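Q: Got a structure for you, written out below as structure tokens; questions coming shortly.
The values are calculated or read from the model by the stated rules, or taken from the named source; none is laboratory data. Here the structure is a predicted model, which is why all the values come from computation and not from measurement. All Cβ positions, glycine included, derive from the backbone under ideal geometry; neighbour counts span all protein chains shown.
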Amino acid sequence: MGDFFSNLSLGFGVALSLQNLGLAFLGCLVGTLIGVLPGVGPIATIAMLLPITFGLDPTGALIMLAGIYYGAQYGGSTTAILVNIPGEATSVVTALDGHQMARQGRAGVALGIAAIGSFFAGTVATLVIAALGAPLTKLALVFGPTEYFSLMVMGLVFAVVLARGSILRAVAMILVGVLLSTVGTDLETGEERMTFGLPFLADGIDFAVLAMGIFGIAEIMRNLDHTEHRDVVRQAIGRLLPNKDDFRQSYKPVIRGTLIGSILGILPGNGAVLGPFASYTLEKKLAKDPRRFGRGAIEGVAGPESANNAGAQTSFIPLLTLGIPPNAVMALMVGAMTIHGIIPGPQVMTKNPTLFWGMIASMWVGNLMLLVINLPLVGMWVRLLKVPYRLMFPAILMFCCIGIYSINSLPTDVMFIGLFGFVGYVLIKFGFEPAPLLLGFVLGKLMEENLRRALIISRGSLETFIERPISAGLLAVATILLVIALLPSIRKGRDEVFTE
Amino acid sequence: MSVLHEGPEPPRHHGPVRAPQSLAGGILLIALAALALWLTRDLDQGTLNAMGPAMLPRWLAIGVGLSGIALLVLSFMKDGDPLERWSLRGPVFVIGAIVAFALTIRPFSFGSFATPGLGLLFAGPLAIILGGYATNEARLRDLVLLALSLTPFCMVLFGDLLNLPIPVFPQALTGLFPADWSQKAVLRATAGIMAAAAVILFLTTRNRRPAPVDVADHSGRI
């Protein structure tokens, strides 16, 4: 326990320095600014803004990136409430009741409770990370390549189960993602694989390029196909602070949402996505009058928003302790860390304690910033949302180009975002979801490496994966999950959760 | 994202295909698998004890192919979604803008083909104006205004304040300014000129606009 406090105070010492406070503030501000734009989710935002952190020291850069991430998340919720356009999967739920509240002239209260709930969730999640960081890092030391491989398999199975739509399509997307990760020079033999003989493919496909193409550019192309009325709320925003009644109605959903979000966020395989859905379903089940949901129930904003933020934060745990990115955003964090010469994993905490604890403390600072920045700036976001899309998307397009060019100074990278954008567009049109593909790509290289090592140790025997107890346990969980997800009755329930 | 989709259309049957979207998806996956198998045909698979470079890609490709076949078969057996509406205009202009940016940002050569490096000064407006035509609501004046105001902003932000290694203007441009001016000074002056041009364009063409549109009423395309 003593460690817990001394670590946190070390972290706050770093996070509260004037420079890092400024960086957290700036990160939250620009993150929200870009995240508010309709159709730009956190992944595209981070990929776009990654280059602006290059000149900073590693701690400052990661603090700023974390700020950008939270800002982008909150910006997405703002868009969901004010325009009914969810910027990303997790704010779909917020749009349901949040937008109805906005139409009733209670946009301010919806934004306020979202910010306050997120802040509470962020505070709890920060403590969870601080508490679990050290023990999980110890756990990582008993993990060998066999266990790592099985853990990642379990993560991918989670991603399949949690993806919307057909399980077969999700499996196919994961396989394609892992397949894409094998493009480039084989690390053991030095032979080039599937590079078409092109020199810029020899190092493999850059993650930021793939993510920007599939999530940024494809989204623009898809939005251009939908001529839809963007109904920015015309009602007054109203007061921002929720009153006593609002608090009475929403404090329990906030606490429940925080718990659900924190737990789901820790799971590898993008569990954080499920948090808001689970919280919404739970609140609807618990409500005395479930018919209020979908018509502006404040619980429908408070719970999911808290779950969203808690999950966003606890999803740092697998990355910081085991070195496994659980979702695409964390994979971008890996990219950012590598650029600054830090290899994510259990050794970060021991070798670089100021960075580790500084980043954790700055998560809390970032949440506070959001509360302070966003509420007064709501008016500005509303104005930004009134800019027509025909002017917004060329700007987004140019920022994407500049952002991706600045990472490696390669014109081919820029062309590839166009190519992957088109691939993403085709996939969406054919009913595939790109998120599992990206996760497969993220974990692909690590999986191949660990699979090879595990098989070398076991002299080519596949049985090693079920002989070693931890690995067997992880694979058993994965199998059970997959079987459950395929059972007809559960499938129906799963579809209901996602269509609500 | 389901909120963005247009309402489900009633299933239409054309012949034996009951889920055109799955059929197309299946064919895509099979083609992808075939491509991967063809590309790895010369590589060594190795043994489980010492995996060769082709082992994983080959098995993954087989997995992708099998999923594709499953989708294909299912499309004849189960009712599913029809193919969504396509338009070529969006992707063509968006990709065109991206390629134009990539080709002009710095000297680029591919075989015998080479482009001059024009820097952000030209690549930025090119991407904005060309990309802007991806929608049929594009208006040249607005796009030029946007290009003239955003480009100097980005030049100052990325080139001057953040010092990113992004080419800002062609070297030839420095010749137009006094010889003792530094790169940064040229950058700032150019950005200033562009911003001024944007203001002038805005003021002179303001009245030619049709009746001012109430922005709040604007039905943005999304």
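Q: Return the pair list, or none, for Cβ contacts closer than 8 Å from residues in the stretch A:259-277 that are within 17 Å of A:Leu156 (Cα to Cα) to residues that are among the β-branched types (Val, Ile, Thr) and modelled with pLDDT under 80, at least 6 apart or on different chains.
A: Partner pairs satisfying both residue conditions: A:Ala272/A:Thr90; A:Val273/A:Thr90.
Q: If I ask for residues that are touching a Gly at 6+ places or on another chain (Cβ under 7 Å) and part of a loop (DSSP other than H, G, I, E, B), which ones from the stretch A:338-387 would you list?
A: If the condition is that a residue be touching a Gly at 6+ places or on another chain (Cβ under 7 Å) and part of a loop (DSSP other than H, G, I, E, B), then A:Pro344, A:Gly345 are the ones that fit.
Q: Could you identify the single residue in B:Gly68, B:Gly124 that is out of contact with any Phe, Trp or Tyr (no Cβ under 7 Å at 6 or more places or on another chain) and under 30 Å from B:Leu157 (Cβ atoms)?
A: B:Gly124
Q: So, in the stretch B:61-107, exactly how many residues are within 30 Å of B:Pro125 (Cβ to Cβ), surrounded by 18 or more Cβ atoms within 10 Å (Cβ to Cβ) and either modelled with pLDDT under 80 or acidic (Asp, Glu) (or both)?
A: 0
Q: Something else: Scan the stretch A:186-203 residue by residue and report those that are within 15 Å of B:Thr40 (Cβ to Cβ) and more than 9 Å from chain B (Cβ to nearest Cβ).
A: A:Gly197, A:Leu201
Q: Follow-up. Before we move on, is B:Val186 free of Cβ contacts under 8 Å to residues at least 24 places away in the same chain and either more than 9 Å from chain A (Cβ to nearest Cβ) or of a type in the set (Val, Ile, Thr) (or both)?
A: yes
Q: Looking at B:Leu118 and the list (1) more than 8 Å from chain A (Cβ to nearest Cβ); (2) buried (at least 18 other Cβ atoms within 10 Å of the Cβ); (3) modelled with pLDDT of 85 or more; (4) out of contact with any Leu (no Cβ under 8 Å at 6 or more places or on another chain), which single condition is not satisfied?
A: B:Leu118 satisfies all of (1) more than 8 Å from chain A (Cβ to nearest Cβ); (2) buried (at least 18 other Cβ atoms within 10 Å of the Cβ); (3) modelled with pLDDT of 85 or more; (4) out of contact with any Leu (no Cβ under 8 Å at 6 or more places or on another chain) except (3).
Q: Conditions first: (1) more than 21 Å from A:Leu319 (Cβ to Cβ); (2) surrounded by fewer than 23 Cβ atoms within 10 Å (Cβ to Cβ). A:Val176 passes all but one, so which condition is the exception?
A: Only one criterion is unmet by A:Val176, namely (2).
Q: For the stretch B:131-143, enumerate the residues that are more than 7 Å from every other protein chain (Cβ to nearest Cβ), in a loop (DSSP other than H, G, I, E, B) and without any contact (Cβ under 8 Å) to a residue 12 or more places away in the chain.
A: Correct list: B:Arg139 only.
Q: Can you go through B:Leu164, B:Leu150, B:Leu157, B:Leu146 and tell me which one is within 12 Å of another protein chain (Cβ to nearest Cβ) and either within 20 Å of A:Met415 (Cβ to Cβ) or of a type in the set (Asp, Glu) (or both)?
A: Values: B:Leu150 fails: either within 20 Å of A:Met415 (Cβ to Cβ) or of a type in the set (Asp, Glu) (or both); B:Leu157 fails: either within 20 Å of A:Met415 (Cβ to Cβ) or of a type in the set (Asp, Glu) (or both); B:Leu146 fails: either within 20 Å of A:Met415 (Cβ to Cβ) or of a type in the set (Asp, Glu) (or both).
Residue meeting the stated conditions: B:Leu164.
Q: Any residue that is in a helix (DSSP H, G or I) and touching a residue at least 60 places away in the same chain (Cβ under 8 Å) - is there at least one of those in the stretch B:45-63?
A: No.
Q: Being in contact with a strand residue (DSSP E or B) (Cβ under 8 Å, 6 or more places away or on another chain) and either among the aliphatic types (A, V, I, L, M) or more than 9 Å from every other protein chain (Cβ to nearest Cβ) (or both) is the filter here; which residues of the stretch A:434-470 pass it?
A: The answer is A:Leu451, A:Leu455.
Q: Against the conditions (1) free of Cβ contacts under 8 Å to residues at least 12 places away in the same chain; (2) at the interface with another protein chain (Cβ under 8 Å from one of its Cβ atoms); (3) among the hydroxyl-bearing types (Ser, Thr, Tyr), where does B:Thr204 fall short? Just the number, please.
A: Condition (2) is where B:Thr204 drops out.
Q: Return yes or no: is A:Ile260 aliphatic (A, V, I, L, M), part of a helix (DSSP H, G or I) and surrounded by fewer than 18 Cβ atoms within 10 Å (Cβ to Cβ)?
A: On the way: aliphatic (A, V, I, L, M): yes; part of a helix (DSSP H, G or I): yes; surrounded by fewer than 18 Cβ atoms within 10 Å (Cβ to Cβ): no.
Considered against the rule, which asks whether it is aliphatic (A, V, I, L, M), part of a helix (DSSP H, G or I) and surrounded by fewer than 18 Cβ atoms within 10 Å (Cβ to Cβ), A:Ile260 comes out as no.
Q: Search the stretch A:72-107 for residues being not in a helix (DSSP H, G or I) and not hydrophobic (A, V, I, L, M, F, W, C), and hand back the single one that is surrounded by the most Cβ atoms within 10 Å (Cβ to Cβ).
A: Filtering the stretch A:72-107 for residues not in a helix (DSSP H, G or I) gives A:84-88, A:104-106.
Narrowing further to those that are not hydrophobic (A, V, I, L, M, F, W, C): A:84, A:86-88, A:104-106.
Numbers: A:Asn84: 23, A:Pro86: 27, A:Gly87: 30, A:Glu88: 27, A:Gln104: 15, A:Gly105: 14, A:Arg106: 26.
The residue in question is A:Gly87.
Q: Out of curiosity, is A:Tyr69 part of a helix (DSSP H, G or I), among the aromatic types (Phe, Trp, Tyr) and closer than 19 Å to A:Gly216 by Cβ?
A: yes
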